[in-house]
Every structure is written in structure tokens, then in C-alpha cells.
Amino acid sequence: MVTLYSSPSTGAVAFFYSNTSIRLYNYHNNLTLFPRKLGSHNISLQINQTPFCNAVHIQDGSVAAPPSKNENETPLKKLKDGILSVTPPMEKQKDTFDFGGNKDKSTVSITVVGASGDLAKKKIFPALFALYYESCLPEHFTIFGYARSKMTDDELRNMVSKTLTCRIDKRENCGEKMEQFLKRCFYHSGQYDSQENFAELDKKLKEHEDGRFSNRLFYLSIPPNIFINAVRCASLSASSAHGWTRVIVEKPFGRDSESSAALTGALKQYLKEDQIFRIDHYLGKELVENLSVLRFSNLIFEPLWSRQYIRNVQFIFSEDFGTEGRGGYFDHYGIIRDIMQNHLLQILALFAMETPVSLDAEDIRNEKVKVLRSMRPLQLDDVVVGQYKSHTKGGVPYPGYTDDKTVPKDSLTPTFAAAALFIDNARWDGVPFLMKAGKALHTRSAEIRVQFRHVPGNLYNKNFGSDLDQATNELVIRVQPDEAIYLKINNKVPGLGMRLDRSNLNLLYSARYSREIPDAYERLLLDAIEGERRLFIRSDELDAAWSLFTPVLKELEHKKIVPESYPYGSRGPIGAHYLAARYKVRWGDLA
């Protein structure tokens, strides 16, 4: 018998055969179905594939599924005349969808724990609908909302329907798809620490699974102080009896190294590491995903990706709004824990890692961990913190951070931070990696800026005068909004004189691609369902990240460092510019 699995990343075809016949199916489309005698073992296939989803394939009446991307995929060769040649797998694939007897005996049950919260309403349910709309969910699936609020199935559907939207290019069947999706949504009210309530949920899930082979995904959209209770109850009372059970955990993953380690240890009492999916939605953003493609598949960039050619790298995150009544949560964490220790540090690790052995999740995460372990622990001298104050602009008054009724009047929690980090390895020795993140700034943006070194002995230096930064090439990856990649270059202005100009070679995604960019939660939810861990954070990666920031966070709190004030809607505290200047850097977003 020969088995060929499909690859979620490449869309390769999968089929199974013995000495009798073949039957093939897809989650959503029927693949050509034909019996055939298999004397020569050469089989040609005619397939109608769904754009984004993997096929489910049947061998001798049994359904099988593609392996996780973590495992080695079966080698596939395409020969002449469209014949596929297959090397049989050497060992049983792990972490697959084991669907049982046929395609009608498999299901995925998705439970959103904390279904009445803002994250669930604004992000999780819309992302699940988008996956359904794009035909990326299995044929049989059920979605349950679970929360303490009393609610009926119809009330949940009404709440969810208000936040669902359809893709711009496929509006014609939007209403029909939405109605079908909402019919798959149900609700169960219960306490997060009640095994009895989760056992009731388990009973309802089994009713909807209707004897099919079940796989279960729990999304914990709840505060971190009740993570463990929910995981304990779900694990003991509502796990899948035969298929996989996975749990998505939202940040924050603790407040420091100690609390993070305690949280991980508690989770691992009930779950294995490969069941825990720590989500950082920034890793699911299109431009962050494109970072490794830009670097590893373009010869013009990879040779330049080192200290020899790069002068500094900047990771900039800014929001043009404050806490706006939600300061109670934010005040417990602050901007460093909320943005820098996770979002920006994860992007830095992807940017700076060595070439992985493969695109396998573990190979990529291994390289990220190496980067984090090579970094110097952050020093207080290399950090600037700020807090926005009230300001009137254009006759409109904007409140300060401590004007928020949910924030203590004497709060020292930073709403802005800038930091200089260094990686002590051969590739990046001496290159400053600057981070800057803040609320209530002049604009909303997230970008990576790579400033290259000056051209040695530049013949045109005199044309730039004393401002050599004007002559610096800069690669900008704009993560949001208006996703784009552009390269700043120097060129001659047309005319008889010799006047130089700085221009952009610009790839603006909205102009180049007509397709709407999927939300980060769509990508990450689909990866969790498929068992792809590449964009999720491993426990040793989390430990390495916290070890960088915990000492300086404790020092800031122990010494009660007063953050520098900056007006609402400004570019942040002046101290951030002095920090950059110390390393002969100018923030790229000031131009």
C-alpha cells in the first residue's frame, strides 16, 4: 500500500491505494471518484481543490488526514504525463486528524471560553466565520460559546451576527453563508472552575458530534487568573475521548519570569506542551509572515542581513488612542509587558534568526530561541518610559492616563517605552535593535525599519551636506495600517544639474493585490485546527523572552521610576530621542 499525504503549505494532492480500489474526498469538494485496478501502481488524478484547505482522503472506505506540518511530509515527485510517484512513509504520522470509518465520522468542536467578552465578539467569532466563508473549516464542525453569562443559543447568534462581515470579493452569498454558520453556533452557561458545568458542556458536545470521531479545540478568551481553573475543568471533564484536544491561551503569559513559569507548570499538569497553543496575534499578521519570505527567498537581501551592512533595526508600535476607560487591566501590566515583551520581541526574533533547517515549526522555533538566548538582559540605562498627560488639540480636550477613572491617580505605569537591545552573536554584534511602543501618540502604526550603513567613500556625500542620514538606504516593512514594503534609495533628479533625491521603491499591498488580507486570528485559528505550531510560542521561548525583561521591570517598580510625561497626540517623550542619539540613530518614523 502507498500513501501520499497532502501538504497544507504546498497544496499537494493525497491519495491512498491498496490492490483494490481508490476513493478520494475533500472537506468541501468531491474529488474524482473511481475504482481502478492497481497493477502498475501509476495513478492519474483529476481534482477540484478548495483554494485554502486540505483534502480528506479515503483508503478502502476509511478516512485519513494530512500529517501535521511538524512531521516530515512524504516525498512526492511529479513525472511526465502528470503521473505522481510516491515514496511510502517509513513510520506512522503523528498528530493527524484520525477521522475513523469515513468522512461522515469526523468532526471538530470549537469552544470559545469567555464567549461574551469583547475579544470573542470582535475577533474570534468573525475569524471563525471568515474561515467557514472561505471553506477552510472541516465539513463537520460545531462552535460552542461558554461563559458565566446567562444566554440562549439564539441570543448568542444574535450577538455574534452583529460582528460578522464577508469578504469584499464574495458578497453575493454572504447572507446565506452567515445563516448556515450561525446554525453551527451554540451556547452553554457555566462557571470557569466547575467540573460539573464542563461535564454538561461535554454532554452537549457529544450530542452534536453524533458519534463521529471528535477533535476538540478550546480558545481561552478569559483573564489569566482563571486560566488554570478552566484548563483543569476542560481537561478532566470535556476532553476528546479519542481525537486530539488543544487549548489556545491568550496573553499575557504572566507578569515576569516567576509567574510565567508558574503558569506554564500549572498548565502542564493537565496538558502536554504540544496541546498548548500560546497565541500572539502579531505573528499571524501578513507582513510578519512575509518577513522570512522577503529575507530567505530574495538574494538581494539575505547577503546584507548582518552587522556588515545594517546599521540599526527599529521596531515601532504606536496607537493614537489611550486606555479610554479600560485602564484597570492595562495598569496591572503596562506597555512593556503588553507590547514589547511579546509582540515586538517575537518580530525581532523572526527578523534576526539564522536560516532554519526547514520550515518545520520546531526548526523555526529553535532558531528564535537561539536569538533570544543570545541577547543581553535589558539594562535600565537603555530604557525610557513615559506616560501621556491631558492635552487640548484643535479645541478638543484629550484626557491624561490618570484621568481614566479605572486608573489610580498616583499610577507610575508606563504608557510609552523605548529600549535599546543587543544580540551578542557573530551576525549582529554591536547592532542596536531599538524598540518603541506607546499609546495616545500622533498616529497608529506598526513597522520594522532597517537602516543600512553609509556607502564607504560615497562620491556624492557633498550633495547631502552634513546630514548623512539622508543618504542612508532604509528598508521599511509596514505591518499596519496600509500594509507595504518599501526601500528608500538615492537617485538623480532629472535635469542638467546634479541634484540627488531620496525616493521609495514601493510595494503597497492594496495596489498590488486585490484580495483582502485575512485577519491574523483567521490564520492562527486555522493553524491551531491543523496542528501547525510555527506561529505559536513554545515554553522555552517564553522563558527566554521573560528573562530579558524581568530584571528591568522589577527595577522600574522597585525604584518607582517616574515616567516622563508627554502630551496626548504627540510623538512621545523627548527621552526616546536621546536614547536613540546615544547609539547614533535617528528614529525612522520622524521623517
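Assorted remarks:
- Contact map, segment 118-147: residues that are under 15 Å from THR107 (Cα atoms) and free of Cβ contacts under 8 Å to residues at least 60 places away in the same chain paired with residues that are open to solvent by 10 Å² or more (accessible area, probe 1.4 Å) and in a loop (DSSP other than H, G, I, E, B), Cβ distance under 8 Å, separation 6+ or inter-chain. Pairs shown: TYR132/ARG184; PHE141/ARG184; ILE143/ARG184.
- Filter result for TYR521 (on the phi < 0 side of the Ramachandran plot and touching a Lys or Arg at 6+ places or on another chain (Cβ under 9 Å)): yes
- In this entry, GLU516 passes the filter for residues that are open to solvent by 50 Å² or more (accessible area, probe 1.4 Å), closer than 30 Å to ARG246 by Cα and either outside any strand (DSSP E or B) or without any contact (Cβ under 8 Å) to a residue 12 or more places away in the chain (or both).
- Condition broken by ASP381, with the remaining ones in (1) more than 26 Å from ARG538 (Cβ to Cβ); (2) buried (at least 22 other Cβ atoms within 10 Å of the Cβ) satisfied: (2)
- GLU209, sole failed condition from (1) at pLDDT below 90; (2) more than 26 Å from PRO138 (Cα to Cα): (2)
- ARG365 vs. criteria farther than 19 Å from ALA580 by Cβ and open to solvent by 10 Å² or more (accessible area, probe 1.4 Å): yes
- Verdict on VAL108 being buried (at least 22 other Cβ atoms within 10 Å of the Cβ), touching a strand residue (DSSP E or B) at 6+ places or on another chain (Cβ under 8 Å) and assigned to a helix (DSSP H, G or I): no
- Number of positions in segment 324-372 that are part of a helix (DSSP H, G or I) and polar (S, T, N, Q): 4
- Close pairs (8 angstrom Cβ cut-off, 6 or more residues apart or separate chains): assigned by TED's automatic domain parsing to the domain that holds ALA130 in segment 169-196, at pLDDT 90 or above and loosely packed, with under 12 Cβ neighbours inside 10 Å anywhere: TYR187/THR152; SER189/LYS150
- Of the strands (runs of 3 or more DSSP E) lying entirely inside segment 388-449, not one is found with 3 or more residues being surrounded by fewer than 17 Cβ atoms within 10 Å (Cβ to Cβ) and at pLDDT 95 or above.
- Meets criteria (outside any loop (DSSP other than H, G, I, E, B) and without any contact (Cβ under 8 Å) to a residue 40 or more places away in the chain) for SER510: yes
- Evaluation of TYR566 against the conditions (1) buried (at least 22 other Cβ atoms within 10 Å of the Cβ); (2) within 30 Å of ASP363 (Cα to Cα); (3) at pLDDT 90 or above shows that the sole unmet condition is (2).
- Verdict on ASP338 being under 17 Å from the mean Cα position of the chain (by Cα), touching a residue at least 40 places away in the same chain (Cβ under 8 Å), closer than 19 Å to VAL479 by Cβ and open to solvent by 10 Å² or more (accessible area, probe 1.4 Å): yes
- Checklist (1) closer than 20 Å to VAL108 by Cβ; (2) crowded, with 19+ Cβ neighbours inside 10 Å applied to THR264, failing item: (1)
- When the test is whether a residue is surrounded by fewer than 17 Cβ atoms within 10 Å (Cβ to Cβ), farther than 21 Å from CYS136 by Cα and at pLDDT 90 or above, LYS183 does not pass it.
- Unique residue being open to solvent by 50 Å² or more (accessible area, probe 1.4 Å), under 30 Å from PHE125 (Cβ atoms) and at pLDDT 85 or above when the list is ARG538, ARG478, ARG533: ARG478
- In the set LYS405, LYS368, LYS389, only one residue is in contact with a strand residue (DSSP E or B) (Cβ under 8 Å, 6 or more places away or on another chain) and in contact (Cβ under 8 Å) with a residue 24 or more places away in the chain; that residue is LYS389.
- Scanning segment 558-576 for residues that are in a helix (DSSP H, G or I) and in contact (Cβ under 8 Å) with a residue 12 or more places away in the chain gives GLY575, ALA576.
- Scan segment 133-156 for residues that are within 20 Å of LEU205 (Cα to Cα) and surrounded by fewer than 19 Cβ atoms within 10 Å (Cβ to Cβ) and the total you get is 9.
- Filter result for ASN215 (buried (at least 22 other Cβ atoms within 10 Å of the Cβ), at pLDDT 90 or above and farther than 27 Å from TRP546 by Cβ): yes
- Among the residues of segment 228-251, some residue qualifies, meaning at least one is modelled with pLDDT under 90 and surrounded by fewer than 17 Cβ atoms within 10 Å (Cβ to Cβ).
- Residues being more than 29 Å from the chain's Cα centre (by Cα) and either farther than 11 Å from LEU434 by Cα or surrounded by fewer than 19 Cβ atoms within 10 Å (Cβ to Cβ) (or both) - total across segment 571-585: 9
The values are calculated or read from the model by the stated rules, or taken from the named source; none is laboratory data. Not measured: the values here are computed from a predicted model. Glycine also receives a Cβ, built like all others from the backbone with ideal geometry; neighbour counts cover every protein chain displayed. Accessible surface areas use protein heavy atoms only, side chains included; no ligands, DNA or RNA. Shrake-Rupley method; radii C 1.70, N 1.55, O 1.52, S 1.80 Å.
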